[in-house]
Amino acid sequence: MIVILRQDPDKAQLDSLITWLKGKGMDVHESRGTSQLVLGLVGDTTQIDIDLISALDIVEDVKRVQEPYKKANRKFHPEDTVIPVGDTQVGGGNLTIIAGPCSVESREQLLTIARLVKEAGATMLRGGAFKPRTSPYSFQGLGPEGLDILREAREETGLPIVTEIMDAADLPYFEDIDVLQVGARNMQNFDLLKAIGQTGQPVLLKRGMSATYQELLMSAEYIMSEGNEKVILCERGIRTFESYTRNTFDVSAVPVLRKLSHLPIVVDPSHAGGKRELVAPLALAGVAAGADGLEIEVHHDPARALSDGPQALLPDAFAKLVKQMNAMHDLVEEL
Ligand code: PEP
Ligand code: MN
């Protein structure tokens, strides 16, 4: 971190700043130009509050030369992280295919879809029991009963289950859930992230709809700094000026996050495109860009789905896409 001081800084204030920085474990290197003094800080600057220093009268500007996330940063952990989930692994050259309905609607609905996606080659089952809906009048999910239905589907198919948690107070219901999903709307619910960080459970952390890569990685850092390093990053489309698609699929997220972080990366083409016919091309683009996995919504009767029917793939289309995604993944691995 570099601190640029105003001209002729007050000596007492400068000394007190330097003493404070040293007290925080920093090595402080002073470089004096013809008219300006610059302090170079060496050490773990993740603990330094940049706004606190910027607000001082004697300070003109503060610049970070290193990213503020440490545990999620590839610089401090060069190898890719591989996260075991049930009998499968996320990352490490595997293509994780998480599929299922947007919401768990009934036992019959979930078991039907779970059997079909398993048969088609999915490696995990998704389904929301606690749903973040834009309208309070829309279907809110079955809650704990939905989790029991997911457990039953796991028991029958052997597929690990991925489901969204919205409130830290609900954590006791989720103790045996294989992957906790943090939705886009909760990416910066810091209390939820901290609470999840205290569990050892794998987390699928979805990018907020207006979040930068750094903000996504700082949210991963919240979970990891509490001791839970099993974080899977998910690109699910961001909000832009385009309104034809539900969101804009940011395929750049895959190579950029791969460069910045060692955590596995999954893409969600369903919430990105918001339209059934866009799911396959976006999914294949994500795999071509190097994603470790995908999360895809599938429904056997999308016209009657209680949420996100327009973006749900029919089981046959999903089965065809699984073959294409695996072929694309093999090609990328060979190149
Ligand atoms: C979901 O996966 O059903 C969901 C609500 O996703 P997101 O948080 O990305 O909107
Ligand atoms: Mn959905």
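We did not get these values from a lab; they are worked out from the coordinates using the rules stated. It should be emphasised that the depicted structure is a prediction, and the values quoted were computed from it without experimental measurement. Cβ sites come from the backbone with ideal geometry, for glycine too, and all protein chains shown count toward neighbours.
Spatially, region 68-99 and region 193-226 are offset by 14 Å when compared through their Cα centroids. Dipole orientation for the chain: of the candidates Y244, L159, G86, Y244 has the Cα lying most toward the positive pole (charges on Cβ; Lys, Arg +1; Asp, Glu -1). Mind checking which of V203, G141, M218 is farthest towards the positive end of the chain's charge dipole, using Cβ charges of +1 (Lys, Arg) and -1 (Asp, Glu) about the Cα centre? In the chain, that residue is M218. How high is the relative contact order of region 237-294, in percent, with contacts defined as C-alpha pairs under 8 Å that are six or more residues apart? It rounds to 37 percent for region 237-294.
I need Y222, Y137 ordered by Cβ neighbour count within 10 Å, fewest first.
Working: Y222 24, Y137 7.
Starting with the residue having the fewest Cβ neighbours, the order is Y137, Y222.
In the chain, what % of DSSP beta bridges are antiparallel (nearest 5)? Here the antiparallel bridges make up roughly 40 percent for the chain.
Would you mind computing Rg(Cα) / (2.2 N^0.38 Å) for the chain, counting N as its residues?
Numbers: Rg = 22.9 Å, N = 335, 2.2 N^0.38 = 20.0 Å.
The chain yields a ratio of 1.14.
What residues have an amide H closer than 5 Å to that of N94, excluding those fewer than 5 places away on the same chain, when H is modeled at 1.01 Å from N in the peptide plane? For N94, whose amide H was placed from the backbone, there are no distant partners under 5 Å. Listed from fewest to most Cβ neighbours within 10 Å, the set R151, R126, R207 follows the order R151, R207, R126.
Which entries of K275/K320; K259/K320; K230/K259; K75/K206 have Cα-Cα distances beyond 28 Å here? Walk me through the numbers before you get to the answer.
Details: K275/K320 17 Å; K259/K320 31 Å; K230/K259 18 Å; K75/K206 22 Å.
Correct reply: K259/K320.
Our summary gives the chain a relative contact order of 16 percent, counting only alpha carbon pairs under 8 angstrom and 6 or more residues apart. Arranged from fewest to most other beta-carbon atoms within 10 Å of their beta carbon, V117, V256, V182 become V256, V182, V117.
Determine the relative contact order of region 101-217: mean sequence separation of Cα pairs under 8 Å and six or more apart, normalised by residue count, in whole percent.
Averaging sequence separation for qualifying contacts and normalising by length gives 21 percent for region 101-217.
Straight-line cross-link reach from K118 at under 13 Å between alpha-carbon atoms covers these aspartates and glutamates, not counting any fewer than eight positions away in the same chain: E155, E156, D316. Charge dipole (Cα centre; +1 on Lys/Arg Cβ, -1 on Asp/Glu Cβ; no other charges) of the chain amounts to roughly 560 debye.
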